[in-house]
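Following: one structure in C-alpha cells, then a few remarks.
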Amino acid sequence: MASRVVTRMGDGSLVELMPAEIRAELEAGVEAAVTRFKVEPLAGDELDHLADIFTSPARFVSVAVGDEVVLSQDGTGQPQQGGSVQALYETEQLICQDTVELSNLDYSYPAVKTIAPYEQQTMKEAQERLTIPVHYGAQPDLGRYSRPDGPVGNWSELLPQMRIDEARAAQEEAVELAVADMVHVAEALWEAGADGIDFDTAGAAGDADLLAALRAVEHLRRRHPDMGIMVGMASEVVLGTHGRLEHGGVRLAGLKPEGQLRVVQAAGATIFGPAVTVNTGKTVAWNTARAITLCKPCMAAAEIPVHMNVGMGVGGVPMSAFAPVDAVSRVSRACVDVLRLDGL
Amino acid sequence: MSIAHTCAAGMGGLRAAGDLVARLQMAKGMRLAEAKQAVADALGVGVRDLSDNQAMHELRGERRLGRIYEAEVSYFRDPSPLEAKLNIEKLLGLELNGVRALRERLGG
C-alpha cells in the first residue's frame, strides 16, 4: 500500500501527500501553463519522470553522473563575513559554483553608476584572486528613474489616472537614461576585467524595462564583440506597462519565455535565463511542472545557452530565504532532466 | 540553496572543470554539449570526466589550470589565479578579459 510522501508547498512549508496526489499536482501544474499560456503540455514520459522525482522518499535527489550543467549565480559577492572579494573567493573554493558575480547590495545599474570606480577596483582585485569567471551584475531597475527617486514622470501614478500618453512618454524617457547608465557601468566593469556582464531581472518594471536591457545589450555587442552578456528575466510574462514598445519588430508586452529568448538572443546576449515565478499556495511539484512546461519551448528555439532561474521563488524553488534542500534538489534535477538545460 | 544546486546538478566549478565550460558558454554563446566537448577535447579526456573532481583535480594540477585548496594538502607550487588564467587562455584559445586588463596595465 502506498504511503504518504513528504513534499513542500511553494512557501517551503512541509506537507505530506499520497503519490497519486503528487501526480495530480504535476498534471495540474502542466495544465495551468497550457491553459493560461497556450504552450504544449509535457509528454507522458516526462510527467512519469517528474512523478518519480517528486514521489521519491529520498531527502536529496540529483541528476545522473555525467548530466551535470553549468551553474551561474547572481549575487555571490554579498558577504556573510568579510568583504566582497572574500565572498567571491569562498564561493569559488567552498561552494564550487562554475561562475561568480560581483554585485552591490543595491542591485541596480542606476544605483551603482555613482560608485562604478569602486566596483572597478573590487573587480580588479577579484580578477587577481579568483580563477573561475567573475561576472558583474545588476538590474535595469527602470522604476528608479521615475519620481520621486528619479527625474521622469511616475507611470505607476499616471496610469491609474488614465494619463496614458504621459505614462508612455515617461517610460520612453526612462529607457534612454537607463541604457546610458547600463552601458556606462558595463563598460567600466569590462575595462576592469569582468568576464561578463549580467542584466538580471530584466523586464521587472515591464516592457520598457526589457527594452532598455535589450538596447544596452545591442550597444555593448556592437562595441565589444567578445563581451560575454547574460540576460536573466524577471518573470514568465513581460508586463505591458507601456504596451506599444517593440524590439526588432517584436512587441515586447506579453512575451512568454520563448519570445523573451528570441529577442534576447537577437540582441546579442550569450546566455539567457528564463524566470517563472512561484505560487506559494501551490506545491513545489505543481510549480515545477508549470515552470518546466512554460520554459520547454525555449529549448528548441535556443541558439545560446539557457540557464533557468531557480533561485528563491522562481522555477519551482520555494519562496523562502532558506529553501529546504529536499525541494531545491528536486527542482534542480527535474529542470535539468526534462528540459536538458545548459545551466542553472 | 547554492550548495543544494551544486550537489544536485552542478559541474563542480574549480573542483572539476565547470569553470572552463562556463567560460565557453559566456564568451562564445556555446550550448552545453558543444562547450563540454570542446573542453574535453582540449584536455584530452572524456566528457564525463569534466565533472569528476577526482580526475580533474589531478589533471588541473598537471596542466597548471588552478584548483581548489585543501587545508590538509600544500600546493605551494601551484599557479596563482592569474598564472592559471594564462594557461586557461592557451587551453581554450580564448582571451580572458581579466588577463587582457592585466596586459593593458603592463603596457603590452
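Of all residues in the stretch A:79-133, those that are of a type in the set (S, T, N, Q), open to solvent by 50 Å² or more (accessible area, probe 1.4 Å) and not in a helix (DSSP H, G or I) total 3.
Would you mention how many residues in the stretch B:68-96 are open to solvent by 30 Å² or more (accessible area, probe 1.4 Å), basic (Lys, Arg) and at the interface with chain A (Cβ under 8 Å from one of its Cβ atoms)? Final tally of qualifying residues: 0. Residue count for the stretch A:38-66 under the criterion of being more than 14 Å from chain B (Cβ to nearest Cβ) and surrounded by fewer than 15 Cβ atoms within 10 Å (Cβ to Cβ): the result is 8.
I'd like to know if the stretch A:240-259 contains one or more residues that are over 22 Å from A:Glu172 (Cβ atoms) and open to solvent by 50 Å² or more (accessible area, probe 1.4 Å). The answer is yes; a qualifying residue exists. The number of residues in the stretch A:272-291 that are open to solvent by less than 10 Å² (accessible area, probe 1.4 Å) and part of a helix (DSSP H, G or I) comes to 6. Every test in (1) under 30 Å from A:Gly259 (Cβ atoms); (2) in a helix (DSSP H, G or I); (3) in contact with a Lys or Arg (Cβ under 7 Å, 6 or more places away or on another chain) is passed by A:Val63 save one, and that test is (2). What do you reckon, is A:Gly153 free of Cβ contacts under 8 Å to residues at least 24 places away in the same chain and in contact with a helix residue (DSSP H, G or I) (Cβ under 8 Å, 6 or more places away or on another chain)? Answer is yes for this residue. Consider the stretch A:114-162. How many of its residues are among the aromatic types (Phe, Trp, Tyr) and closer than 12 Å to A:Leu189 by Cα? Qualifying residue count, the stretch A:114-162: 2.
In the stretch A:268-288, the residues that are closer than 22 Å to A:Ser72 by Cβ form Cβ pairs under 9 Å with partners that are open to solvent by 10 Å² or more (accessible area, probe 1.4 Å) and of a type in the set (Ser, Thr, Tyr), at six or more places apart or across chains, as follows: A:Ile271/A:Ser72; A:Gly273/A:Ser72; A:Ala275/A:Thr201; A:Ala275/A:Ser235; A:Val276/A:Ser235; A:Thr277/A:Ser235; A:Asn287/A:Thr277; A:Asn287/A:Thr280. Does the stretch A:172-183 hold any residues that are open to solvent by less than 10 Å² (accessible area, probe 1.4 Å) and either in contact with a Leu (Cβ under 7 Å, 6 or more places away or on another chain) or at pLDDT below 95 (or both), and which are they? Within the stretch A:172-183, A:Ala174, A:Val175, A:Ala178 qualify.
Might you check whether a residue that is farther than 20 Å from A:Val70 by Cβ, in a helix (DSSP H, G or I) and touching a Leu at 6+ places or on another chain (Cβ under 7 Å) occurs anywhere in the stretch A:292-301? Yes, the stretch A:292-301 contains at least one residue that is farther than 20 Å from A:Val70 by Cβ, in a helix (DSSP H, G or I) and touching a Leu at 6+ places or on another chain (Cβ under 7 Å). Among helices (runs of 4 or more DSSP H) lying entirely in the stretch B:36-108, which contain 1 or more residues that are under 16 Å from A:Glu128 (Cα atoms) and touching a residue at least 24 places away in the same chain (Cβ under 8 Å)? In the stretch B:36-108, the matching helices (runs of 4 or more DSSP H) lie at B:81-92. Residues in the stretch B:4-14 that are buried (at least 21 other Cβ atoms within 10 Å of the Cβ) and either part of a helix (DSSP H, G or I) or more than 9 Å from chain A (Cβ to nearest Cβ) (or both): B:Ala4, B:His5, B:Thr6, B:Ala8, B:Ala9, B:Gly13, B:Leu14. Is it the case, given these coordinates, that A:Ser62 is among the hydroxyl-bearing types (Ser, Thr, Tyr) and farther than 13 Å from B:Cys7 by Cα? Considered against the rule, which asks whether it is among the hydroxyl-bearing types (Ser, Thr, Tyr) and farther than 13 Å from B:Cys7 by Cα, A:Ser62 comes out as no. Yes or no: A:Lys113 of a type in the set (Lys, Arg), out of contact with any strand residue (DSSP E or B) (no Cβ under 9 Å at 6 or more places or on another chain) and more than 14 Å from chain B (Cβ to nearest Cβ)? Yes: the conditions hold for A:Lys113. Can you tell me which residues in the stretch A:203-238 are aliphatic (A, V, I, L, M), surrounded by fewer than 24 Cβ atoms within 10 Å (Cβ to Cβ) and part of a helix (DSSP H, G or I)? Hit for the stretch A:203-238 is A:Leu220, nothing else.
For B:Met1, the requirement of being open to solvent by less than 10 Å² (accessible area, probe 1.4 Å) and not hydroxyl-bearing (Ser, Thr, Tyr) is not met. Taking first residues from the stretch A:172-200 that are at positive phi and partners that are open to solvent by 40 Å² or more (accessible area, probe 1.4 Å), the Cβ contacts under 7 Å between residues at least 6 apart in sequence or on separate chains come to A:Gly193/A:Lys124. A residue that is modelled with pLDDT of 95 or more, away from chain B (no Cβ under 14 Å), out of contact with any strand residue (DSSP E or B) (no Cβ under 9 Å at 6 or more places or on another chain) and outside any strand (DSSP E or B) occurs somewhere in the stretch A:184-202. Filtering the stretch A:302-344 to residues that are part of a loop (DSSP other than H, G, I, E, B) and of a type in the set (A, V, I, L, M, F, W, C) leaves A:Ala302, A:Ile304, A:Met308, A:Val310, A:Met312, A:Val317, A:Met319, A:Ala321, A:Phe322, A:Ala323, A:Leu341, A:Leu344.
Yes/no per residue for (1) within 7 Å of chain A (Cβ to nearest Cβ); (2) open to solvent by 60 Å² or more (accessible area, probe 1.4 Å):
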{"site": "B:Ala16", "(1), (2)": "no, no"}
{"site": "B:Asp41", "(1), (2)": "no, yes"}
{"site": "B:Asp49", "(1), (2)": "no, no"}
{"site": "B:Arg60", "(1), (2)": "no, no"}
{"site": "B:Gly66", "(1), (2)": "yes, no"}
{"site": "B:Gly98", "(1), (2)": "yes, no"}
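Considering A:Val30, A:Val69, the condition of being open to solvent by less than 20 Å² (accessible area, probe 1.4 Å) and within 11 Å of another protein chain (Cβ to nearest Cβ) is satisfied by A:Val69 alone.
The values are calculated or read from the model by the stated rules, or taken from the named source; none is laboratory data. Bear in mind the structure is a predicted one, so any value in this text is a computation, not a measurement. Don't worry about glycine lacking a Cβ; one is built from the backbone with ideal geometry, like all the others, and counts go over all protein chains shown. Heavy atoms of the whole protein, side chains included, go into the accessibility calculation; ligands, DNA and RNA do not. Shrake-Rupley method; radii C 1.70, N 1.55, O 1.52, S 1.80 Å.
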